[in-house]
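Colleague: I have a structure I would like to understand better, so I am pasting it below and will then ask my questions one at a time.
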Amino acid sequence: MPNLIGKTLGRYHILEQIGEGGMATVFKALDTRLERDVAIKIIRTELFGKAIIERILQRFEREAKALARLSHPNILKVLDYGEYKGSPYLVLEYLSGGTLKDKTGQPMPWEQALQLLTPIIQALAYAHEHKIIHRDIKPSNILLTDKGQPLLTDFGIAKILELDDGQTLTGTGVGIGTPEYMAPEQGIGKDVDARADIYAVGIVLYELLTGRKPYTADTPMAVVIKHINDPLPRPGKFVSDLPQSVEKLLIKLLAKKPQDRFSNMDELGLGIKAILANPDTFKLSVPLAEPERNLVTDRSYSPEADENAHTIDLFERSNPVVATESKRPRFQIKDVLPSWWPAVIGGLLLLIGGTIWLNSGIALQIFPTKALVFTSTPTATKTMTPSPSDTPQPTVTPSVTPYPSKIRDSLGVEMV
Ligand code: ADP
């Protein structure tokens, strides 16, 4: 992103850079017409190829208008939008109180954490009613007013960067968002609904309550894998006085399967209200720990029998290491031959072996009795002996295979 400080974009005069995220750079600017501070969020087009930038620009106007229509006291207002040298930008209210990220890193009392997130949950309930999913909820997207009131920002940025078929414009195969806060289904780029936002709220709450994120790793893909496979580290392990109802609330928010979470933000809001009223009377029927099963390395796991099969399959293709771990052979002999093929081959081998055996004479040596029976008929051979006359006369000389008399008697063979 070229240095924009001191430049003027339309009626906005850029004052300073206040942040840079994965997809955009944020500047503080002066709205010269209304004479007030604004924030300008400009998409970092240097990250994308030309064709992709064109696609972003095509949908940007539509999305910016949809965002500008969102009107809720807990959602940061989109004031305007524009384009600077091919880079689209949004003009937002400027908030000076920092972000919720500044409050992470150490455990926060559970009542304070639940109260802080309540306006955000109301904002999300409103957005979901208007068919807008946030997709990138995280502490740095929850801005604070100078009085500490939280406002949700960055709606729809993820949507702008996403293609119609659910693929991301970044072409990474990993869904748009921030891996540490992404639901398992979002991490692998599947279609998401409001329940992906519910999961992300769960991660933010977990972080506020315990001072740590539940899943971290060295690479974005490794984090996504942990969201898919690793059981949730019990929040109670890090905070001793956490009411069981709050712990169960977190477990439900962070269920691996969307259908096991709260089904909408209103339901979650009611749960939080009830816990704040009395943490001991609020009951949730969720087990305190998910079963410890690693779907990828567990060899007894059958993808066909599990509705997560598609998830794991997609995951295998995008991660060669795991593909090696759980890959099945492409070709198996049982796929082309019937199940009784070993019996047929065994029979053939016996037949061939038997024939060779019988014809090789080995049988004669191993079973002499049987051999005698076969050769017991004496054979006569003609031999030529000179006769007294000149005409040679054939004589017949009996030739008998010599065998013991005992056997000869028992067989009753008559010698000639
Ligand atoms: P990320 O969400 O990845 O942190 P963003 O591009 O959303 O990156 O924002 C970067 C930083 O800019 C934020 O963490 C926040 O400190 C600041 N910021 C964003 N929007 C505003 C705003 N409207 N008013 C004041 N500061 C803002």
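The values are calculated or read from the model by the stated rules, or taken from the named source; none is laboratory data. In this text, all values refer to a predicted model and were calculated from it rather than measured experimentally. Neighbour counts are summed over all protein chains in view; Cβ atoms, including those assigned to glycine, are modelled from backbone coordinates with ideal geometry. Ligands, DNA and RNA are stripped out before the accessible areas are found, and what is left, the full protein with its side chains, is counted by its heavy atoms. Shrake-Rupley method; radii C 1.70, N 1.55, O 1.52, S 1.80 Å.
Colleague: Looking at ILE18, ILE42, ILE14 in this structure, which one is assigned to a strand (DSSP E or B), aliphatic (A, V, I, L, M) and more than 12 Å from the ligand (Cβ to nearest atom)?
Modeller: Criteria check complete, one pass: ILE14.
Colleague: May I ask you to verify whether ASP146 is within 13 Å of the ligand (Cβ to nearest atom), more than 30 Å from ASP241 (Cβ to Cβ) and open to solvent by less than 40 Å² (accessible area, probe 1.4 Å)?
Modeller: Taking the combined requirement at face value, the residue does not satisfy it.
Colleague: While we're on this one: Taking the stretch 39-77, which residues are without any contact (Cβ under 8 Å) to a residue 24 or more places away in the chain and either touching a Leu at 6+ places or on another chain (Cβ under 6 Å) or of a type in the set (S, T, N, Q) (or both)?
Modeller: Listed by number, the residues that qualify are GLN58, SER71.
Colleague: Any residue that is within 13 Å of the ligand (Cβ to nearest atom) and open to solvent by less than 80 Å² (accessible area, probe 1.4 Å) - is there at least one of those in the stretch 48-57?
Modeller: no
Colleague: Evaluate the following for ASP37: is it assigned to a helix (DSSP H, G or I) and within 10 Å of the ligand (Cβ to nearest atom)?
Modeller: So ASP37 fails the test.
Colleague: Every residue in the stretch 114-132 that is of a type outside the set (Phe, Trp, Tyr), surrounded by fewer than 21 Cβ atoms within 10 Å (Cβ to Cβ) and in contact (Cβ under 8 Å) with a residue 40 or more places away in the chain, please.
Modeller: Passing the criteria: GLN115, LEU116, THR118, PRO119, GLN122, ALA125, HIS128, HIS130.
Colleague: Residue under question is ALA29, and the condition is that it be more than 10 Å from the ligand (Cβ to nearest atom) and either surrounded by 15 or more Cβ atoms within 10 Å (Cβ to Cβ) or on the phi > 0 side of the Ramachandran plot (or both); does it hold?
Modeller: So ALA29 passes the test.
Colleague: Restricting to the stretch 60-105, and then to whatever is under 21 Å from ILE137 (Cβ atoms) and away from the ligand (no atom under 16 Å from the Cβ), can you tell me which residue is most open to solvent (accessible area, probe 1.4 Å)?
Modeller: ARG69
Colleague: If you go through the stretch 208-220 one residue at a time, how many are touching a helix residue (DSSP H, G or I) at 6+ places or on another chain (Cβ under 7 Å) and either touching a residue at least 12 places away in the same chain (Cβ under 8 Å) or buried (at least 20 other Cβ atoms within 10 Å of the Cβ) (or both)?
Modeller: Residues that pass the stated criteria total 8.
Colleague: Looking at the stretch 110-132, can you tell me whether even one residue there is assigned to a loop (DSSP other than H, G, I, E, B), over 33 Å from the mean Cα position of the chain (by Cα) and farther than 18 Å from ASP37 by Cβ?
Modeller: Checked against the condition, which is being assigned to a loop (DSSP other than H, G, I, E, B), over 33 Å from the mean Cα position of the chain (by Cα) and farther than 18 Å from ASP37 by Cβ, the stretch 110-132 yields no hits at all.
Colleague: For the stretch 136-150, enumerate the residues that are in contact with a strand residue (DSSP E or B) (Cβ under 8 Å, 6 or more places away or on another chain) and assigned to a loop (DSSP other than H, G, I, E, B).
Modeller: Hits for the stretch 136-150 are ILE137, THR145.
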